[in-house]
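The values are calculated or read from the model by the stated rules, or taken from the named source; none is laboratory data. This one's a predicted model, so the numbers in the text were calculated from it and none came from an experiment. Here the Cβ positions follow ideal geometry from the backbone for every residue, glycine too, while neighbour counts run over all protein chains shown.
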Amino acid sequence: MLKPVPDVLKKNLKIIFVGFNPSIRSSETGHHFANPSNRFWNILYRAGLTSRKYRPEEDVGLLKLGYGMTNMCLVPPGRPRILRIRNIRMERRNYTER
């Protein structure tokens, strides 16, 4: 069963990265941008937002830098790479409450 990926949020963040929905790998690990083919962590480093390349398991560590993460939908859609409007509508209430 696919599990939600917990938000990495706190008050007064400089940047909040918002994904559409977590990957299946992120759901399995409980960490944001955990799919090995996802370039997020490399881009974050190469853009100069971090002093080194972080790993998905260190996603909570970005809070110390003033960065947070969340997704519009809490769990991956049933079929990989397909995000349906109904998924977004179902999660909209949860998203605005977060």
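List of remarks:
- Qualifying residue in the range 4-12 (condition: among the charged types (D, E, K, R) and in a helix (DSSP H, G or I)): no
- Residue list for the range 13-28, restricted to those being assigned to a loop (DSSP other than H, G, I, E, B) and touching a Leu at 6+ places or on another chain (Cβ under 9 Å): 13, 14, 20, 21, 22
- All of 11, 53 fail the test of being surrounded by 11 or more Cβ atoms within 10 Å (Cβ to Cβ) and out of contact with any His (no Cβ under 7 Å at 6 or more places or on another chain), apart from 53.
Rundown of residues vs (1) modelled with pLDDT under 95; (2) among the small types (Gly, Ala, Ser); (3) within 12 Å of the chain's Cα centre (by Cα), yes/no style:
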residue: 13; (1), (2), (3): no, no, no
residue: 26; (1), (2), (3): yes, yes, yes
residue: 49; (1), (2), (3): no, no, no
residue: 59; (1), (2), (3): no, no, yes
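- Close contacts from the range 17-38, counting a first residue that is at positive phi and a second that is surrounded by 16 or more Cβ atoms within 10 Å (Cβ to Cβ) and not in a loop (DSSP other than H, G, I, E, B), with Cβ to Cβ under 7 Å and a gap of 6+ residues or different chains, come to 33/26; 33/40; 33/41; 33/56.
- Residues satisfying the stated conditions in the range 42-59, i.e. out of contact with any Lys or Arg (no Cβ under 8 Å at 6 or more places or on another chain), more than 19 Å from residue 25 (Cα to Cα) and hydroxyl-bearing (Ser, Thr, Tyr): 50, 51
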